[in-house]
1. For the range 94-121, which residues satisfy the criterion of being assigned to a loop (DSSP other than H, G, I, E, B) and either free of Cβ contacts under 8 Å to residues at least 40 places away in the same chain or surrounded by fewer than 21 Cβ atoms within 10 Å (Cβ to Cβ) (or both)?
2. Only residues that are closer than 18 Å to residue 174 by Cα and out of contact with any helix residue (DSSP H, G or I) (no Cβ under 8 Å at 6 or more places or on another chain): list them for the range 214-234, please.
3. For residue 134, which of the numbered conditions (1) assigned to a loop (DSSP other than H, G, I, E, B); (2) in contact with a helix residue (DSSP H, G or I) (Cβ under 8 Å, 6 or more places away or on another chain) fails to hold?
4. Residue by residue through the range 153-172, note down the ones that are part of a strand (DSSP E or B) and surrounded by fewer than 19 Cβ atoms within 10 Å (Cβ to Cβ).
5. Answer yes or no: is there a residue in the range 155-168 that is closer than 19 Å to residue 250 by Cβ and out of contact with any strand residue (DSSP E or B) (no Cβ under 8 Å at 6 or more places or on another chain).
6. Condition test on residue 89, is it in contact with a helix residue (DSSP H, G or I) (Cβ under 8 Å, 6 or more places away or on another chain), surrounded by fewer than 14 Cβ atoms within 10 Å (Cβ to Cβ) and assigned to a helix (DSSP H, G or I)?
7. Might you check whether a residue that is touching a strand residue (DSSP E or B) at 6+ places or on another chain (Cβ under 9 Å), within 20 Å of residue 67 (Cβ to Cβ) and either at pLDDT 95 or above or surrounded by fewer than 21 Cβ atoms within 10 Å (Cβ to Cβ) (or both) occurs anywhere in the range 139-152?
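The values are calculated or read from the model by the stated rules, or taken from the named source; none is laboratory data. Here the structure is a predicted model, which means the values were calculated and not measured. Cβ placement follows ideal geometry from the backbone for every residue including glycine, while neighbour counts extend to all protein chains displayed.
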């Protein structure tokens with residue numbers, strides 16, 4: 001990370017780093033994810049990922065996934081009778097949220113010297129890999145991810161968090177690339193997505209002013225690109241109605257020095273705490 005990189009990150013709230021990962025590493029991750037989905041047996045348990053109705057879809061399967069590998073379906077994957085419209089392999093929205101700890105292929109991808117150096121340059125001196133997700137953005141049914149900030153879901157005090165978004169395929173406007181509001185990280189935290197007393201989740205609104213979405217810009221990138229995301233950056237992705245998928249892998253990393261509130265939705269069991277790059 002050069003001084004111009006860091007200046008751009010501070011100014012815009014994101015940084016695009018082309019060719020950060022080679023094609024072979026991207027392909028290895030895709031092949032592993034495809035095998036995992038093929039071997040996944042829902043056994044009648046269907047959990048749907050939605051950013052529009054987060055509290056409605058926050059079932060126990062989701063809430064207990066912080067230290068597990070679990071599979072979440074696209075909202076538009078089902079017929080009215082509950083059956084899948086197409087093959088299971090073309091219906092999964094994402095896999096989360098501890099791939100980096102529980103699967104050797106994802107562990108190797110997530111704990112490279114290059115990533116350790118990058119987060120150190122960003123000021124995370126004692127990094128802990130907290131969450132990982134493999135996102136499919138399926139052809140024709142890939143759902144919209146509404147404008148949000150990562151800190152809404154993974155809040156720390158003080159706020160020392162970074163999101164890493166790896167393009168495992170070319171990401172374009174056509175197939176649902178990321179969009180971001182440059183400088184939007186300076187607007188402050190809008191909301192927190194938290195566990196509710198008695199079960200489920202709730203959203204605490206901190207600032208109800210609408211996002212300046214007229215300023216949003218597409219981040220079209222090539223396979224192997226890493227997009228570094230500030231925890232307060234407003235970003236989103238549109239629906240994918242194309243015939244092309246848009247596979248991506250994300251990591252969220254915090255600093256061991258911060259307080260991670262018990263109210264955050266993602267919690268890990270005491271016998272599987274978050275760990276660093278070693």
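1. If we filter the range 94-121 for residues that are assigned to a loop (DSSP other than H, G, I, E, B), which is where we start, we get 98, 103, 111-112.
Of everything in the range 94-121, those that are assigned to a loop (DSSP other than H, G, I, E, B) and either free of Cβ contacts under 8 Å to residues at least 40 places away in the same chain or surrounded by fewer than 21 Cβ atoms within 10 Å (Cβ to Cβ) (or both) turn out to be 103, 111, 112.
2. 216, 217, 218, 219, 220, 221, 222, 225, listed by residue number.
3. Only one criterion is unmet by residue 134, namely (1).
4. Within the range 153-172, 157 is the sole residue that qualifies.
5. The answer is yes, given that some residue of the range 155-168 is closer than 19 Å to residue 250 by Cβ and out of contact with any strand residue (DSSP E or B) (no Cβ under 8 Å at 6 or more places or on another chain).
6. So residue 89 fits the description; yes.
7. Yes, there is a match, as at least one residue in the range 139-152 is touching a strand residue (DSSP E or B) at 6+ places or on another chain (Cβ under 9 Å), within 20 Å of residue 67 (Cβ to Cβ) and either at pLDDT 95 or above or surrounded by fewer than 21 Cβ atoms within 10 Å (Cβ to Cβ) (or both).
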